[in-house]
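In what follows, a single structure is set out as structure tokens and then discussed.
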Amino acid sequence: MSSQNHSLRLGVLISGSGSNLQAIIEAIESQQLPGVEIALVVSNKADAYGLQRALKHKLPAIYLPWEQRTVGAQFFAPKLAMSESESRLTTLLHLFQVDLIVLAGWMRILSAAFLEQFPQRVINIHPALLPDDGTGSTFTTKNGTQIPAFRGLHAVQQALDAGVKITGSCVHFVTPEVDAGPVICREEVVIEEGDTEETLHERLKVVEHRLIVKAVGGFLC
Ligand code: GRF
């Protein structure tokens, strides 16, 4: 937890483009997040563009090979001992004195054993709307419409396939159940006629870039 003498040190975990990482970098550089610094960026993909973004801003960044287990392959990470990759990640996070872990497009499931080490200290950005406590199969939008809570892989496409008129993004605490932790903040996005997964995801990301900065800022007080 941050205090007067100690900044809030982020460990940002990525697997791809890293546009949300970029949003955090820009918020820090433009003094929108005073007291926040990125202690470390970790990618499970060597060629993730987010790694280049981090290096361009002279941030410590590392490629950490990870055993195959994609999000969506299972919806509950069993309470087993930590995997070797998770042990390595833990060592890194401690070494770089990370206070808050931000999953910004991180496509690997984290086990309960790993998460227990960082209670209320791991947050994720999800491109769909989840209910306040993260659980349950539906979400009620501001206009009172009930829509499914889309979880796991391809949540943007799931919303299009379901034919809903509204979707959105949220930042939530990470729990062992995938995309089912308490929501910190969210924003709705209207689905437009002719939207594709790409066009809709692009608009969702614009919202996410605001949400992630807001969510991180909330850990400062
Ligand atoms: C975001 O849309 C986020 O919701 C999802 O993965 C995407 C990551 O995008 N979990 P980026 O790598 O930050 O551009």
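The values are calculated or read from the model by the stated rules, or taken from the named source; none is laboratory data. Note that the structure is a prediction, hence the values are computed from the model and not measured. Here Cβ is always computed from backbone atoms with ideal geometry, including for glycine, and neighbour counts include all displayed protein chains. Just the protein is used for accessible areas: all its heavy atoms, side chains included, with ligands, DNA and RNA removed. Shrake-Rupley method; radii C 1.70, N 1.55, O 1.52, S 1.80 Å.
Points to keep in mind about this one:
- For the range 30-59, filtering for residues that are within 13 Å of the ligand (Cβ to nearest atom) and on the phi > 0 side of the Ramachandran plot leaves 0.
- In the range 94-103, the condition of being closer than 16 Å to VAL171 by Cα and not in a strand (DSSP E or B) is met by no residue.
- Just one of the numbered conditions (1) basic (Lys, Arg); (2) assigned to a loop (DSSP other than H, G, I, E, B); (3) within 12 Å of the ligand (Cβ to nearest atom) is not true of LYS142: (3).
- Some residue of the range 16-29 being modelled with pLDDT of 95 or more, more than 13 Å from the ligand (Cβ to nearest atom) and under 23 Å from GLN117 (Cα atoms): no
- Set ILE123, ILE109, ILE101: member being surrounded by 15 or more Cβ atoms within 10 Å (Cβ to Cβ), modelled with pLDDT under 95 and among the aliphatic types (A, V, I, L, M): ILE109
- Counting only strands (runs of 3 or more DSSP E) that sit wholly inside the range 8-72, those with at least 3 residues that are touching a residue at least 40 places away in the same chain (Cβ under 8 Å) and surrounded by 19 or more Cβ atoms within 10 Å (Cβ to Cβ) are 8-14, 36-43.
- Test: residue in the range 141-161 that is modelled with pLDDT of 95 or more, open to solvent by 20 Å² or more (accessible area, probe 1.4 Å) and of a type in the set (Phe, Trp, Tyr): no
- Taking the criterion of being part of a helix (DSSP H, G or I), open to solvent by less than 30 Å² (accessible area, probe 1.4 Å), touching a residue at least 40 places away in the same chain (Cβ under 8 Å) and of a type outside the set (Asp, Glu), the residues of the range 165-221 that qualify are LEU200, LEU204, LEU211, ILE212, VAL213, ALA215, VAL216, GLY217.
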